[in-house]
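Worksheet for the structure shown next.
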Amino acid sequence: MSVNLPIWYPTLPRLTEISRTGPDGVSHRISVVLPARNEAMNIRPVLELAAPYADELMVVDGHSTDGTREIAGEYGARVILDNGKGKGAAIRQAMREAQGDILVFIDGDGSHDPHDIPALVAPIIEGRADHVSGSRMLGGSDELHATFHQFIRLFGSQIITLSVNYTQDVRLTDCQNGFRAIRRDVALALDPQEDITTIEQEMIIKTVRRGYRLAEVPTHEYVRANGESRFQVKNVWFRYVRSWLYYLLFWRPPRRPVAKMPTSDVRR
């Protein structure tokens with residue numbers, strides 16, 4: 001069977017090291033986490049390119065039957081099995097078990113470029129942000145414009161993002177990108193509850209409403225190299241709507257005072 005590599009592999013030379021010591025002299029450990037299920041045809045280049053940025057490389061495996069776990073082991077990744085409830089549950093499990101104080105979440109299907117990891121973690125290491133989300137609206141996407149199904153995804157995502165902006169007085173561009181970095185203590189304090197991909201918008205909304213510092217950086221979303229995505233809007237739209245309305249309008253978080261981010265990092 002022939003396997004297509006993601007279009008960003010190989011790519012142009014970029015930064016291969018991260019300065020892990022912040023201006024306060026504190027050194028940080030980075031855990032790069034890949035939730036994955038049956039991604040044997042796609043995960044090799046993701047692991048290979050992510051490894052140089054990781055103090056801990058972790059794959060949360062959804063009980064794959066195609067050799068995904070074995071491939072992860074070849075690259076020295078720590079492999080744990082999820083509870084079978086979905087991507088959100090896998091991410092919550094990684095938050096509890098990861099050893100790094102900065103967590104980077106990246107998909108295992110090749111749709112994210114690991115070379116963007118330094119841009120995601122830099123604002124946290126420099127003390128300018130607690131949570132940094134990749135933005136497909138700033139960096140572009142090959143997955144949100146080509147078909148009617150993708151248009152519906154984009155339209156729904158933008159409605160949710162706009163509602164967050166105008167109710168919380170922020171100027172975000174993307175609330176549902178799975179590519180992100182976050183301080184582990186902040187991730188645990190957010191206490192996410194979602195079991196599926198709705199965890200991504202839950203984390204964004206909770207970050208804003210809890211008063212943590214949120215930043216965005218441009219990241220490009222590529223078409224998965226092999227296989228078909230299991231995500232279907234028709235199967236989960238009601239869970240997105242329920243999660244969106246609950247965390248934005250009805251959830252009552254304990255507010256915490258924090259210093260505001262520089263204007264270059266906050267979209268207001």
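The values are calculated or read from the model by the stated rules, or taken from the named source; none is laboratory data. Remember, it's a predicted structure, so these values are computed and weren't measured experimentally. Don't worry about glycine lacking a Cβ; one is built from the backbone with ideal geometry, like all the others, and counts go over all protein chains shown.
The set of residues in segment 105-126 that are among the β-branched types (Val, Ile, Thr) and farther than 20 Å from Gly140 by Cβ comprises Val121, Ile124, Ile125. Candidates are the residues of segment 209-255 that are modelled with pLDDT under 80 and not in a loop (DSSP other than H, G, I, E, B); the one that is farthest from Met41 (Cα to Cα) is Trp237.
Considering segment 96-113, the residues that are under 12 Å from the mean Cα position of the chain (by Cα) and not in a loop (DSSP other than H, G, I, E, B) include one that is nearest to Pro52 (Cα to Cα), namely Val104. Of the residues contained in segment 72-89, none is found to be without any contact (Cβ under 8 Å) to a residue 40 or more places away in the chain, in a loop (DSSP other than H, G, I, E, B) and of a type in the set (Val, Ile, Thr). Exactly one condition in (1) over 19 Å from Thr219 (Cα atoms); (2) of a type in the set (Asp, Glu); (3) not in a loop (DSSP other than H, G, I, E, B) is false for Asp116; which is it? So Asp116 meets the others, but not (1). Checking Arg14, Arg92 one by one, the residue that is among the charged types (D, E, K, R) and either assigned to a helix (DSSP H, G or I) or at pLDDT 95 or above (or both) is Arg92 and no other.
One residue stands out in segment 169-191 among those that are outside any loop (DSSP other than H, G, I, E, B) and in contact (Cβ under 8 Å) with a residue 60 or more places away in the chain: the one that is surrounded by the fewest Cβ atoms within 10 Å (Cβ to Cβ), namely Asp185.
Filter segment 19-51 for residues that are part of a strand (DSSP E or B) and not polar (S, T, N, Q); which is nearest to His63 (Cα to Cα)?
Ala36
Condition first: surrounded by fewer than 21 Cβ atoms within 10 Å (Cβ to Cβ), of a type in the set (Lys, Arg) and in contact with an Asp or Glu (Cβ under 9 Å, 6 or more places away or on another chain). Now tell me which residues in segment 71-110 satisfy that. Passing the criteria: Arg78, Lys85. If the condition is being closer than 15 Å to Tyr240 by Cβ, modelled with pLDDT under 90, out of contact with any helix residue (DSSP H, G or I) (no Cβ under 8 Å at 6 or more places or on another chain) and aliphatic (A, V, I, L, M), then segment 141-191 contributes only Leu154.
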